[in-house]
Amino acid sequence: MTASLSSSSLSASTPVILVGVDLGFSHFDGELQELGLLAETAGMQPVADLVCKRKAPDPALFIGSGKAEELKLLVDMHQAKEVLFDQALSPAQQRNLERFLQCPVNDRTMLILEIFAQRARSHEGKLQVELARLQYLSTRLVRRWSHLERQQGGIGQRGGPGETQIELDKRMIGEAIKRTKEKLQKVKKQRGTQRRQRQRHGVFTVSLVGYTNAGKSTLFNTLVKAQAYAADQLFATLDTTTRQMYLEGAQTSVSLSDTVGFIRALPHGLIDAFQATLQEAIDADLLLHVVDAANPNYREQIGQVQQVLAEIGASAIPQVLVFNKLDAIEPGQRPLRLQDHYEVDGQMLPRIFVSAAANQGLDALRELLTQRVLQAPTAVAREFSDLPPICSVEPDKGENLF
């Protein structure tokens, strides 16, 4: 059986090769920076990379036979223990590449699943990761391992020689998926009970969303004086944490939740599996969309977050863009106005610049939240569409950063 990603067998010194294929999409990461960060987060050390351009993936080897030969030379030269692709591979492509390269091959999806498996701490988080992993593995069974080739035997015996090993594996995974979904359903009911209690008390709910490593957990800790884990790495937070935040100007507390960060090409299995956790975002009265203002690709990251919000049914919830890491922007590039509006998908959203790490602009953010709470009706079903703008300045169309 082919080896796969494992936190117990990999260390920071494990050499891996990164591979990216430019298929003409605008989001292609030519320098494979994000894939490299993902690999390091999973406990590996990128030692080389291979980038090529194709009109369409090769059905057998994804990168074609010529580039596969070049990749094999890199694997041998650097004695790499694994090859990581930035794009999703089909089961057949993965199997063919492993046979040709004589080493494990995994794609971006499996890498993200491995990171989630390492980072999940709560019972719910572990269940969600396990479900996503099982759903992913269920597509990887087709003729990948030699022990699946036994096909001869009797008739009508459950699990006997007459049943192929692949059918046994499929059934085992199917049963495991069913059990995990049942457990998650119970957790989802518990969360639903907690949300209904907050709603009965008329608690205004705010959820932090954004691209991974945008600084959500640091902002969360600063606002509510919490000790949630925060680090300069991808997916530092996987489990939703909720705390009460008192707003002096409104003379009331709001419920603030820190949620899992989003990323380009987030596996759909994870979106489905994390539905219970992301429900905090779906049921929020307001989303604070945290953006890494110092990242040159912030526009693309905003688009990726909006796409995931649409997939989980949270695109209609009012948002405030919180452009974080103001202190990391070069002094000459910093904005002249710390509050304005920014266009996202044809809609003008309030924007505020802050630095959670340097404690800059947070008083203005609290004041903005206070205005939202005071403007919201006391009923559970709040309507924000007719609210007056927070800022009186002219909106920024978004052509330039500031």
- Message: Give me, ordered by chain and number, the residues 5 or more places off G261 or on other chains with an amide H under 5 Å from its own placed amide H.
- Response: T237
- For region 102-116, just list the computed ³J(HN,Hα) in residue order, Karplus coefficients 6.51, -1.76 and 1.60, θ = phi - 60°, integers in Hz, with x standing in for Gly and Pro. 6, 7, x, 10, 9, 10, 4, 4, 5, 5, 5, 4, 5, 5, 4
- Name the residues whose placed amide hydrogens come within less than 5 Å of the amide hydrogen of I63, ignoring near sequence neighbours (fewer than 5 apart) on the same chain. D58
- Spin-label point model (7 Å from Cα, Cβ direction): what's the D58 to T193 distance in nm? 5.6
- Protein accessible area in region 254-369, 1.4 Å probe - carbon and sulfur %: 45
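Mind pulling the per residue volume of the convex hull built on the Cα atoms of region 274-331? Å³ is fine.
87
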- For region 54-70, 3J(HN,Hα) per residue [Karplus equation, 6.51 cos²θ - 1.76 cosθ + 1.60, θ = phi - 60°, Hz, x = Gly/Pro]: 9, 6, 7, x, 5, x, 8, 10, 6, 9, x, 5, x, 5, 5, 4, 4
- Query: For R299 and A92 in the same chain, what is the full-extension length gain: residue separation times 0.36 nm, less their Cα-Cα distance, in nm?
  - Reply: 71.0 nm
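For region 302-373, what is the accessible area per residue in Å², given a 1.4 Å probe and the full set of protein chains?
Numbers: 3060 Å² over 72 residues.
I get 43 Å² per residue for region 302-373.
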- Item | Distance in nm between pseudo-label sites at L23 and M348 (7 Å out along the Cβ direction from Cα) | 3.8
- Note on the structure: Spelling it out for L50: with amide H atoms placed in the peptide plane at 1.01 Å from N, the residues 5 or more places away or on another chain with amide H under 5 Å from its amide H are L18, V19, G20
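Can you tell me the FRET efficiency between R337 and E175 if r is taken as the Cβ-Cβ distance and R0 is 51 Å, rounded to the nearest 0.05? Before the final figure, lay out the partial values.
Numbers: r = 58 Å, r/R0 = 1.13.
E between R337 and E175, to the nearest 0.05, is 0.35.
By accessible area of protein heavy atoms, probe 1.4 Å, what ranking do R334, R99 get, highest first? Walk me through the intermediate numbers first.
Details: R334 95, R99 135 Å².
From most exposed to least exposed: R99, R334.
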- Task: Would you kindly derive the ³J(HN,Hα) couplings of region 240-254 from the backbone phi angles with the Karplus curve 6.51 cos²θ - 1.76 cosθ + 1.60 (θ = phi - 60°), listing them in order in whole Hz, with x for Gly and Pro?
- Result: 5, 10, 10, 9, 8, 10, 8, 10, 4, x, 9, 6, 7, 10, 10
- Could you pull out every one of the lysines with an alpha carbon less than 19 Å from that of K181, ignoring same-chain neighbours closer than 8 positions? K126, K170, K189
- Given charges at Cβ of Lys, Arg, Asp, Glu: region 56-95 dipole, positive-most of Q94, I63, A80: Q94
- Message: Rolling a 1.4 Å sphere over the protein heavy atoms, what is the accessible area per residue of region 43-107, to the nearest Å²?
- Response: 47
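Just to verify a number: FRET efficiency for Q251 and E69, C-beta to C-beta distance, R0 = 60 Å, to 0.05? If you can, show how the numbers build up before the last one.
Details: r = 70 Å, r/R0 = 1.16.
E between Q251 and E69, to the nearest 0.05, is 0.30.
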- Task: Could you order peptides 125-133, 17-25 by the average number of other Cβ atoms within 10 Å of their residues, highest first?
- Result: 125-133, 17-25
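For Q375 and E167, compute 0.36 nm times the residue count separating them, minus their Cα-Cα distance, and round to one decimal in nm. Display every interim value, and only then the final one.
Values: separation 208, 0.36 × 208 = 74.88 nm, distance 5.83 nm.
In short, 69.1 nm is gained.
The values are calculated or read from the model by the stated rules, or taken from the named source; none is laboratory data. Only a predicted model underlies this, so the values are computations on that prediction, with no experimental measurement involved. A quick note on method: Cβ atoms are made from the backbone with ideal geometry, for glycine too, and the neighbour counts reach across all protein chains shown. Just the protein is used for accessible areas: all its heavy atoms, side chains included, with ligands, DNA and RNA removed. Shrake-Rupley method; radii C 1.70, N 1.55, O 1.52, S 1.80 Å.
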